[in-house]
Amino acid sequence: MDRAAHWDAVYRAKGETGVGWYQPRATVSLDLIRRVAPRLTTPIIDVGAGASTLVDGLLDAGYADVTALDITPSGLGLAQRRLGERAACVRWLVADVRDAPLPAAAYGLWHDRAVFHFLTSAEERQRYVARVRHAVRPGGHVIVAAFSPEGPPKCSGLDVRRYGAAAMHTEFGPGFWLLDSLREDHHTPGGGLQQFTYCLCRVDSGPDPG
C-alpha cells in the first residue's frame, strides 16, 4: 500500500477539521511538552504532524526550533496556509518517519500523536525506534500517543495496534525511561470517541531515574 497516497486522499476528502484526530487545541501534548522542555530553544520535532494545531500552540508558546514531519504534503500544506506568514518559523519535512533523513542527536523532544499505532509489524516498529534513537539527543524526551486497549481497532480504514503504557514502553526498550503515562478521551469531529495512551520517556544511556 502506498501510505503517502492513502493519507493524501484522506486529507483531500476530509480537509483539516474533518479528520478523526482533529483537535482545536492539542492541550495534552502541549502540557507534556511544557513540562519537560521549559527552554523555548529546545529543538522539537512533531512526527505525523499533518494539519495538527500542535505547531500553532508551540509557536504561540514561544518555541523557536520546531520541525513538522509528515508522509504527505497535503496535511502540511493545510497547516502552512493556516499559519500564513508564521509558517516560515517552522521546518517542514515530507518523509516517511521509518527512514526519514533526520540529523543525529538533533532534537530535544520527539512528539508523535497517532503515527506509532499504524505500525502493525515488528519490523516497522523497530525501524521507527531506530529513528528515535538516532534523532533524539541523550537526555531528550519522547512523547508518543497511540490508541489504548479500549480504543478503536481501525482508523481511516487502516488496522492499528493498541497499547497500554507498559506495552508501549516495552516496544522502545532499554535507554527509554518511562517518566509518566496518561489516558485521553478524544472526541472526533464526527461524534465518536477514541481513547489514547500517552507515554512520556527520557532518552538516556545512564541509570533509570526512577
### Task
Kindly indicate whether any position in segment 141-158 is assigned to a helix (DSSP H, G or I), of a type in the set (F, W, Y) and buried (at least 23 other Cβ atoms within 10 Å of the Cβ).
no
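How about segment 93-117: which of its residues are of a type outside the set (K, R), crowded, with 20+ Cβ neighbours inside 10 Å and out of contact with any Lys or Arg (no Cβ under 8 Å at 6 or more places or on another chain)? Walk me through it before giving the result.
We begin by selecting, within segment 93-117, every residue of a type outside the set (K, R); these are 93-97, 99-112, 114-117.
In the following step, the residues that additionally are crowded, with 20+ Cβ neighbours inside 10 Å were identified as 97, 102, 107-112, 114-117.
Matches in segment 93-117: L109, W110, H111, D112, A114, V115.
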### Message
I'd like the full set of residues that are modelled with pLDDT under 90, touching a helix residue (DSSP H, G or I) at 6+ places or on another chain (Cβ under 8 Å) and farther than 27 Å from L179 by Cα, limited to segment 11-58.
### Response
Y11, R12, G15, E16, V19
#### Entry: Filtered residue count, segment 34-72, keeping only those that are basic (K, R) and under 16 Å from the mean Cα position of the chain (by Cα)
1
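The values are calculated or read from the model by the stated rules, or taken from the named source; none is laboratory data. Because the structure is predicted, anything quoted here is derived from the model rather than measured. Heads up, the Cβs are rebuilt from the backbone with ideal geometry, glycines too, and the neighbour counts pull from every protein chain shown.
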